[in-house]
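What follows is a single structure, written as structure tokens, with notes after it.
Taken together, the values in this text are just the output of simple stated rules run on the coordinates, not laboratory data. All figures in this text were calculated on a predicted structure; none of them were measured in a lab. All Cβ positions, glycine included, derive from the backbone under ideal geometry; neighbour counts span all protein chains shown.
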Amino acid sequence: MRVANKGLTQGARVIPFTFDGRGYSGLEGDTLASALLGEGVRLVGRSFKYHRPRGVLSAGSEEPNALVTVEGVPNTRATVQEIWDGMAARSQNAWPRLELDALGVNDLLAPFLGAGFYYKTFMWPRPFWERVYEPFIRRAAGLGHLSGKADGAPFEKAWAFCDLLVIGAGPAGLMAALAAGRAGADVILADEGSRMGGRLLAETDPVDGRAPHLWAESVLAELAAMPNVRLMPRTAVTGVYDGGTYGALERVGLHGRARADLPQECFWRIVARRAVLAAGAIERPLAFPDNDRPGIMLAGAVRAYLNRWGVVAGPRVAVYGNNDDAHRTARDLAQAGLKVAALIDMRGEARVEGAAYPVLTGARVTGTSGRLGLRSIRVDGLGGPRELEVDCLAVSGGWTPSVHLTCHLGAKPVWDDRLQAFRPRDGAVPGMVVAGSAAGRLTTAACLADGLRAAAEVLGDLGRTVPPMELPAAEDAPHAVAPFTVGEGSRQFVDFQNDVTVKDIRLSAQEGFQSVEHMKRYTTLGMATDQGKTANLPAMAVLAEALGSPVAATGTTTFRPPFVPVPIAALGAGGQGAGFAPQRFTTSHEASVQRGAAMTEAGLWYRPSYFPRPGEATWRQACDREVDMVRHAVGVCDVSTLGKIDIQGPDAAAFLDFVYANTFSTLPRGKVRYGLMLREDGFVMDDGTTARLGDRHYLMTTTTAAAAQVMRHLDFVAQVLRPDLDVQVLSVTEQWAQFSVAGPWSRELLQSVVDADLSDAALPYMGCAEVEVMGVRGRVFRISFSGERAFEVAVPARHGAALWRLLVAQAESLGGGPYGLEALNVLRIEKGFITHAEIHGRTTAFDIGMERMVSKAKDCVGWAASRRPGLLEEDREQLVGLRPVARSGQLTAGAHLYGRDAAATRVNGQGYVTSVCWSPSFDTSLGLGFLKGGRARHGEVVRLVDAMRSVETLCEVTDPVFLDPEGGRMRG
Amino acid sequence: MRVTCPYCGERDRREFTIQGDDTSLRRPGRDAGAEAWHAHVHLRDNPAGRLREMWYHDPCGAWIVVERDTVTHAVHGSVPAREAAR
């Protein structure tokens, strides 16, 4: 119900919304929780396990009970969600409806459903667990349901940087931000609330002689006017990471109807040189029988709803606590004209002066009634038990500092007897200072002073000083609290969200799960979406009592990020669909797509697999035709994706000699050489060709896959291994478009666009030249990856698209055309050329038959290790060709090789297959693979077995070069 | 984690590729023998505490030697590998 003349939302716009299909209205600034309370709705959900009716417990992100589904988003905290015009919210975990829930029967079965019940009961028959029990339990228990659909709503992620991050905009945070702002520091003030001010919005005790929210407003106005201060409301700092990096979740669009152009939430990574944690404190509930009925709320929350939102859960309220702060709730309620049925303080020694309501000290609440909402409480104290009719019971077990973020880097909090709670350990997070009630300073005056102290401390680190500031006057009443104690009787809930009771925790201790971490896992305490924010400390106290040890000795469970739930969609924002990874396109991409090429991913690049022609039904038909075309006419292929690295300097030749296993200093100008690069452990890293463009100028090509790795490696060699060499290396992969022109007519084709003489005499095999390509300065390399006479022509990338269209058109006039990766692969397998399928990181130069290339005359990366014992043995698996004995025999990559008559077992393994293709040139399948002692076994028949695909084929072992072993076609 | 590139300044760790400790700065001679090369290629200490590591700053192409505490994750400074290698 609304309380007359109360609340900061008075006079605000009326906002209609629905809950479970019924229309309600609230005021702008209301959360769903405050709006529902204002409308007299106490029952908002059913509990996780027992389906007990539950209502709003808290007024913040710690809420365990009031979880609802808003516009399809499950487990939304009603205490955080702001209402907006036409918002539709639904209750969870109730069927057929909230007031009448069939599985409420679970509550009657509660004596049998305690902690560990699943593990003990659903033991047999074993297969039933997966098929029957678990699906049933999952349906019966649980909170909101996922839609099962992809989340189409927009999310965002972003970075921010600042000198000082202030976490929390209550009295301590505001004071710290104000001091830092005035000192000129670059400040971000983040607060999870929709309106900044923290408890200042929820209290009535004046600050600086004004209502506390007015003081907060004036500070916020000053901060908002400072160019060096950024205010981030609705932003919960969720995690602390190394080096002053903080995760934070901003609710950007959740307080309005979803819009395509507005992210729902944004996940921030905030890098701060220093931080002040002013996250406040969370109130603890108390344990007594049936302490979970709708209408039983935290005392501080009751005060917040009254003072900030002007609502209360009912006209008759009782307050129950073990500390002084609870008294303030009774006072505020009475001042607002509400009937306070009683202020019940467990402590016999508690004193209240001049109260206008009954005060029962040394008394306890021993039970409650009301099926769907609190109707009455039973109080036992001086003068015997009595029954009080109330709609709302405000409970307070004292305040627990929000230490969560201080523990994210591994620090444990320390027990504080005065607070009866844990407080942050000093220096828990490098660069972070904790201030205010998060540090255990619970009065407003102490928070304000502590905020200023924290600011001065961190500003000193930042080389700034706080200008003289006066602390505003504020309440500074003592805050005594009694230790947490447990009442008599059953159904005393501790973790409301996971339905864990005092009895469950005692059972855990009794059954040997006595470490706090074991208790947590046995009972599931603190493992729900609220991570036990209200439950943890009471649970530790119950466990400590059960074990007869102090809470300090029991310790806490581990606090891990995130502080509040973070949607995966926010963490991975931008990573869906096309945004999953960057895309790299060649200059011929558009033309290839226009021709209907099937594009495939090669790393981040997109390359054409094949270019289908009308009438071709399968990729194989297109591929076979393209192979034939290259073998008998001419084909054009974009090879720009290969890494191109420009190497210049007086020591360029020495550098390459050191990087490559073979020698490049002897390479004449205008020549290209195949090079093999080793890792320091002696295995092959990459291969490619390198051209000598000048005395001090080389151009290296790498495989597409290894381009980045090789570039990193060359930088490593130049900077770390050989800083003595005067050489510069630079990736020019994207600066040049390069096309392969291959086939018997390749020279004729290329000659049509290049004026320079391309004859064997002028440009022999493995020659290179700088040429004019249609008036553009380009380069031609006489190299072949197909076994045919072939050239690669390169032009600056801006001319790539034009040259590609020209080359394809000319090729077609010669009976050729473009070819894709599939044909490229067939052509190279027929010729026995290797790719990373063969040099896969576990093969040596010896294995691929190139050990003679490893020059003995010089040192190179990997030279010493490549001579290690075991790397040059004749029985190593060596590269071979494989051809099925029966022409139609099937070969599969990944299959294993065995002796002709040996069983296909691990110990009999002789090798494996790395690459296969259907070869139109030989009218059979061909393969490359590795076979023990393979070079000496040409002509032998081995058995290929692919257990995954049930393939068995007899193969003849051959030389890896099937086509034109003498190389006449390439050279001629 | 934040790492300082001597050329570019402090950057998020996502901009870097880490290679391992700085053993590679002490490359044995070609003929140092199998044992020395085995130790160089394969054997690494795994100290709890300060460790010098080789990091590559992908955007600028600099190899740097970063001193980092494996217990606290604190970064205690970095120098260009080119200088450390001389």
Sorted peptide list for A:832-840, B:31-39, criterion being average Cβ within 10 angstrom, highest first: A:832-840, B:31-39
Please give the average number of partner chain Cβ atoms lying within 10 Å of the Cβ of each residue in A:710-722, rounded to a whole number. 5
Quick check: the angle from helix A:325-335's long axis to the longest principal axis of chain A, C-alpha only, nearest 10 degrees? 60 degrees
Between 0 and 90°, nearest 10: helix A:212-224 axis offset from chain A longest Cα axis: 30 degrees
Please compute the modelled spin-label separation between A:E748 and A:A356, points set 7 Å along Cα→Cβ, answer in nm with one decimal. 10.8 nm
Let me confirm one metric for peptide B:27-35, namely the mean number of other chain beta-carbon atoms within 10 Å of its residues' beta-carbons. 3
Mean Cβ neighbour count within 10 Å, used as a protection proxy, ranking A:322-330, A:66-74 highest first: A:322-330, A:66-74
Dipole-positive endmost among A:M853, A:V252, A:T704 within the protein assembly as shown (Cβ charges, Cα centre): A:V252
Qualifying trypsin sites (Lys or Arg not before Pro) for the range A:130-196 [loop in DSSP, other Cβ within 10 Å: at most 10]: A:K149
For chain A, build the charge dipole from Cβ charges (+1 Lys, Arg; -1 Asp, Glu) around the Cα centre, then report which of A:A102, A:L360, A:I167 sits farthest towards its positive end. A:A102
For a quick protection proxy, order the peptides A:610-618, A:87-95 by their average other-Cβ count within 10 Å, most packed first. A:87-95, A:610-618
Once the piece of chain linking A:Q514 and A:M774 is laid out straight, how much longer is it, given 0.36 nm per residue of separation minus the C-alpha distance between them? 85.4 nm
From the Cα centre of the range A:219-280 to that of the range A:747-780, the distance in Å is 60 Å
FRET efficiency, 1/(1 + (r/R0)^6) with R0 22 Å, evaluated for A:A947 and A:R620 via beta carbons: 0.30
Tell me the angle of helix A:707-716 to the major Cα principal axis of chain A, expressed in degrees between 0 and 90 and rounded to the nearest ten. 90 degrees
So which trypsin sites (Lys or Arg not before Pro) in the range B:1-78 pass both tests, a DSSP loop state and at most 13 other Cβ atoms within 10 Å of the Cβ? B:R30, B:R44
Which listed residue (A:G841, A:L462, A:A570) has the Cα farthest towards the positive end of the charge dipole for the protein assembly as shown, taking +1 on Lys and Arg C-beta and -1 on Asp and Glu C-beta about the Cα centre? A:A570
Is there a pair in A:K120/A:K412; A:K49/A:K533; A:K149/A:K412 whose C-alpha atoms are over 28 Å apart, and which pairs would that be? A:K120/A:K412; A:K149/A:K412
To the nearest whole number, what is the average tally of beta carbon atoms from other chains within 10 Å of the beta carbons of peptide A:237-244? 3
Going from the alpha-carbon gyration tensor of chain A, what semi-axes, largest first and in whole Å, does one get by taking the root of 5 times each eigenvalue? 73, 33, 27
Residues of the range A:140-166 with backbone N under 15 Å of the label point set 7 Å from the Cα of A:D461 along Cα→Cβ are A:162-166
Would you mind checking the range A:157-185 for residues with the amide N under 14 Å from a putative spin-label position 7 Å along Cα→C-beta of A:A224? none
Say each of A:H836 and A:A480 gets a label point 7 Å from the Cα, pointing the same way as Cα to Cβ; how far apart are those two points in nm? 7.2 nm
Counting only the backbone N, which residues of the range A:16-40 are under 16 Å from the spot 7 Å out from the Cα of A:S194 toward its beta-carbon? A:16-19, A:24-39
Efficiency of FRET from Cβ geometry, A:H938 and A:A150, R₀ 41 Å, rounded to 0.05: 0.15
Cleavage-rule hits (trypsin sites (Lys or Arg not before Pro)) in the range A:386-493: DSSP loop, at most 13 neighbouring Cβ within 10 angstrom: A:R418
Using alpha carbon centers only, the range A:283-326 is separated from the range A:790-853 by a whole-angstrom value of 75 Å
Estimated FRET transfer efficiency (A:T924, A:A260; beta-carbon r; R0 45 Å; 0.05): 0.20
Residues A:L223, A:L749, A:L372 arranged by fewest to most Cβ contacts within 10 Å: A:L372, A:L223, A:L749
Give the lysines reachable from A:K932 as a straight Cα distance under 17 Å; neighbours fewer than 8 places away on the same chain don't count. none
Reduced to Cα centres, the span from the range B:1-78 to the range A:863-892 in Å works out to 35 Å
How far apart, in nm, are the 7 Å Cα→Cβ label points at A:R347 and A:Q709? 6.8 nm
